[in-house]
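Down below is the structure, laid out as structure tokens.
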Amino acid sequence: MKKKLVYLIVLVLACTSLLTFEGVNTKSVTAASSFQKVNFTDAVVTANSLNLRQGPGTKYPVVCVLKKGQKVKVFGKIDNWYAVYDVNSGCVGAVSGQYIKTSGTTTKTPTTKTPTNKAPATKTPTTQTPTTQTPTTQTPSTNGQTPSTTPPEGISQDEQKILDLVNEARAEAGVGPLAFDMELMKVARLKAKDMVDNNYFAHQSPTYGSPFDMMRKFDIEFRTAGENIAGNQTAEAAFKAWMNSEGHRKNILNGDFSYTGIGVVDSPTYGKIFVQQFIGK
């Protein structure tokens, strides 16, 4: 056991100088993390399913999966990640601090609010790192392929409405239309359902990790990618909120993207959860 703890501490300390974040038309900035050693503290998993990883970030391999209500021992903190030990399985690794409740803290119970027409302005991730920054700009594809805009079978009214609104905005901006990618549709729908089932609103999923981790997990091939999310009553209101947010609007009008997946799931908190994922091949 002591050897495992020492190994993890050395590992996370080595990783703290390797975290890089990128933004739109900006130079990369290296952000140093810090490891804080704490006395052993009891904690409980609050997510339905939580990945225990080899290091403080979603880029590290999963050691094992923890279940809701499972108790662990916390012995260190790396930024917003905790170094924990699972007594039952003997697994040692790092978990995101937002999905565990340590002794002496309380877990907030979400309150039902009247949804607004604004989508969070900081919920558009990069296309390179699993963070919540705005998307990076990459060279457009030169393969000469033009995606078909003919609606495939099985598309809901809300999903089609989002695509129609997005393509109208792209046409006005002189950008080519997006087409449905049915495999990406499955991923977007799963992400929307995951947010409702696990009661969270974020790009980072406790089940699948970042949007890009999730796409790779489901064998989605992409050269560049992005994701928009919104909680609202209607597709029109969600789209309007995205267009009023600089980061979301840039995803919608990004000429590097040619395919999309859209998922819409009923939500007791927002009315509906909207997830639109974009890829360029």
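Do we have any residue at all in region 224-235 that's open to solvent by 40 Å² or more (accessible area, probe 1.4 Å), assigned to a loop (DSSP other than H, G, I, E, B) and β-branched (Val, Ile, Thr)?
Yes: one or more hits.
Return the residue satisfying two criteria in turn: it lies in region 151-198 and is open to solvent by 60 Å² or more (accessible area, probe 1.4 Å), of a type in the set (Gly, Ala, Ser) and not in a helix (DSSP H, G or I), and of such residues it is nearest to PHE218 (Cα to Cα).
The qualifying residue nearest to PHE218 (Cα to Cα) is GLY154.
Suppose we filter PHE274, PHE239, PHE278, PHE257 for residues that are in a loop (DSSP other than H, G, I, E, B) and crowded, with 21+ Cβ neighbours inside 10 Å; which single one remains?
That would be PHE257, the only listed residue that is in a loop (DSSP other than H, G, I, E, B) and crowded, with 21+ Cβ neighbours inside 10 Å.
Collect the residues in region 199-223 that are touching a residue at least 60 places away in the same chain (Cβ under 8 Å) and either in a helix (DSSP H, G or I) or over 13 Å from the mean Cα position of the chain (by Cα) (or both), keeping them in residue-number order.
ASN199, PRO211, PHE212, ASP213, MET215, GLU221, ARG223
Could you list all residues from region 69-101 that are within 25 Å of the chain's Cα centre (by Cα) and of a type in the set (Val, Ile, Thr)?
VAL72, VAL74, ILE78, VAL84, VAL92, VAL95, ILE100
May I ask you to say which residue of VAL65, VAL72, VAL44 is in contact with an Asp or Glu (Cβ under 6 Å, 6 or more places away or on another chain), at pLDDT 85 or above and either not β-branched (Val, Ile, Thr) or not in a loop (DSSP other than H, G, I, E, B) (or both)?
Exactly one residue qualifies, and that residue is VAL72.
The values are calculated or read from the model by the stated rules, or taken from the named source; none is laboratory data. Just so you know, these numbers come straight off a predicted model, no measurement behind them. When we count neighbours, we look across all protein chains shown, and the Cβ atoms used for this are built from the backbone with ideal geometry, even at glycine. Please note that ligands, DNA and RNA were not included when accessible areas were found on the heavy atoms of the full protein model with its side chains. Shrake-Rupley method; radii C 1.70, N 1.55, O 1.52, S 1.80 Å.
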